[in-house]
Amino acid sequence: MHIAEGYLPPEQAAAWFVVSAPFVVHGSRALVRQIRTDPDSKLLLGAAGAFTFALSALKIPSVTGSSSHPTGTGLGAVLFRPPVMSVLGSIVLLFQALLLAHGGLSTLGANIFSMAIVGPWVAYGSYTMVRRAGGGLGPAVFAAAALGSLATYGVTVAQLALAFPDPASGIAGALAKFGGIFAVTQIPLAISEGLLTVLVVRLLSRTSRDDLRRLGLLRPAAEVRA
Amino acid sequence: MLPAGSAASVFALDIAAHTGPWRNRHPAEKALLALGLLVCAVALPTWPGALLSGGAAAVLLAAARVPPVVVLRAARVPLLFVATSTVPLLVSMPSPARLAIDPAGLPVAAQTAGRSVAALTCLLLFTATTPLSDVLPRLHRLGIPSAVTEVAALTYRMLFLLVESVRAVRQAQAARLGFRTWRTAYRSLAGQAAAVFVRALHRARRLEEGLAVRGYTGSLAVQVAAHRVSAPFVAATMMLLGAIVTTSTGLVSPW
């Protein structure tokens, strides 16, 4: 769910750039270090960015009858880790703004915070917690994709509520109003994205085991039951 | 150029930028004009700042001969967001179980929607006249590390092929009744995502091998077409922006 160009008041739009900047700078430094150590990884990172963009070209059927696209946040965070995703996600959001007019340049900071920072960190945190608790790859990937998508939705709703508090009940009322209107599409979408991501990882663990091992998703010689 | 089909329509704005009469203008000129108007639309008082900036951007889109159908198609998704998000501004919530129509919310809703539509028109002016391939090699001048801009350039190069792959796989699956039921639709979607993942990594490996045999040392410098900055264009842009700022602030200050 991208906040459209110009939708946020200018002060709030600027504030979200300030909030997102440290994460993106940290991610950029990690990416520069990685490329300095291994120049070939630049090509893999470019491919990862293009893969994340291409995921938004998938059309998930929605219970409301329309179709929607996945955020790709959960799968990206699990495959490429959140610091790298903060940079790749920012690049993808910039491309979506400049190639498709989804999101925008003034709202880029806010969209980066929800989709390239909070979403990937929640997704990766959920994945790690489920795995440490002894959960299988399937439940961990489902939790990562569904909760990452839900966190993105929750942050976007909070950003809108902060920008436009309800005249009678303030930010709490605005949270309920914006949350309610987008819940119809976003909650089923989060569940759909979770299920879809499990199917994708299950398929990849059969066809691309070596790639998943190189990305750290599968342990060498580990038996996987997704 | 991309073949006709859905992948081409996904990138209709970039195609318009590559084929339009402003193709050979320097990207900095177009950025000054379109993004200057965008800043005016967002930062100036909405009435008349956004109205003037959005109106100017709409006239310039016509002057740059961007097909209206491309603009309208691209505007559909953001306009849907603006329409949906404006509804909560028109109602208030005096208690947790009660919603009431709030006439006082109308000015805020109109202001927000007006600002957003104007800013979107300015964004479309930039995207439909400036190819991304002209912008990316120049981003390092803004202080962005060259490693990041090179990853962005690689992403840009690969995404057309991958989106085309998604389209081709989807078409093949549809021909095999892959979207007949919810169950088969999800299986087909997972197949699309997995195919794109495999193709992206395969493409990266082939590039890696191709570059290695050419003595790749870590630098991916590419030739960037040189464009001259047009002084009359920049002067006209500054006059237009100045006129919008003066009119907007002049009209508002007495109130």
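Numbers for the structure displayed
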item	result
Whether the stretch B:158-252 is rounded, prolate or oblate, judged on the alpha carbon gyration tensor where a/c under 1.5 counts as rounded	oblate
Projected area, mean over directions - the stretch B:82-123, Cα convex hull, nm²	3.1
Simple spin-label estimate for B:ALA168 and A:VAL184 in nanometres, 7 Å along Cα-Cβ	3.9
Net +/- balance of residues flanking B:SER92 in space, Cβ distance below 13 Å, scoring K and R +1, D and E -1	0
Nearby lysines by direct alpha-carbon distance to A:LYS42 (threshold 19 angstrom, same-chain neighbours under 8 apart not counted)	none
Normalised contact order of chain B, rounded percent, pairs of Cα under 8 Å and 6 or more residues apart	31
Chain lengthening between B:TRP47 and B:THR181 when straightened (0.36 nm per residue, less Cα-Cα)	43.2 nm
Potential extension, B:ALA225-B:ALA100 segment - 0.36 nm per residue separation minus Cα distance	39.2 nm
Against the rule of thumb 2.2 N^0.38 Å, how large the Cα Rg of the stretch B:1-147 comes out	1.25
Loop-located trypsin sites (Lys or Arg not before Pro) in the stretch B:121-187, at most 12 other Cβ atoms within 10 Å (DSSP)	B:ARG176, B:ARG180
Fraction of the pair-distance distribution of the stretch A:112-152 above 13 Å, Cα-Cα pairs, percent	43
Residues B:ALA110 and B:MET239, FRET efficiency given R0 of 25 Å [Cβ-Cβ distance, rounded to 0.05]	0.30
Three-way shape call for chain B based on the alpha-carbon gyration tensor, with the a/c threshold at 1.5	oblate
Mean Cβ neighbour count within 10 Å, used as a protection proxy, ranking A:83-94, A:194-205 highest first	A:83-94, A:194-205
Of the DSSP H helices in chain A, those whose Cα atoms cover at least 15 Å axially and whose Kyte score averages 1.6 or more	A:82-95
Charge sum, other residues only, whose C-beta stays under 12 Å from A:LEU199's C-beta, Lys/Arg counted +1 and Asp/Glu -1	+3
Rg/Rh ratio calculated on Cα atoms of the stretch A:10-214 (Kirkwood radius)	0.98
Inter-label distance, nm, simple model (7 Å from Cα along the C-beta direction), B:VAL91/B:HIS18	4.5
Equivalent ellipsoid semi-axes - Cα gyration tensor, the stretch A:98-226, angstrom	34, 16, 12
Exercise: per-residue mean of other protein chain Cβ atoms within 10 Å, A:84-97	3
If the convex hull is drawn through the Cα atoms of the stretch A:4-48, its volume per residue in Å³	79
Cα centroid separation - the stretch B:196-216 against the stretch B:115-133, whole Å	33
Euclidean distance of C-alpha centroids, the stretch B:44-110 and the stretch B:155-186, integer Å	33
Number of partner chain Cβ atoms within 10 Å, mean per residue of B:115-124	6
Shielding by other protein chains, B:82-91, mean Cβ within 10 Å	6
Chain B: angle of helix B:68-86 to the longest principal axis, Cα-based, in degrees nearest 10	60
Ranking of A:ILE35, A:ILE60 by count of other Cβ atoms within 10 Å, fewest first	A:ILE60, A:ILE35
Chain B: calculated mean residue ellipticity at 222 nm from DSSP helix runs of at least 4, using -39500 (n - 2.57)	-23500 deg cm²/dmol
Gyration tensor (alpha-carbon) shape descriptor, the protein assembly as shown, a/c threshold 1.5	oblate
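Read the figures in this text as sums done on the coordinates, not as results from a lab. From a predicted model like this one, the values you see are computed outputs, not experimental measurements. For neighbour counting, all protein chains shown are included, and Cβ atoms are generated from backbone atoms with ideal geometry for every residue, glycine included.
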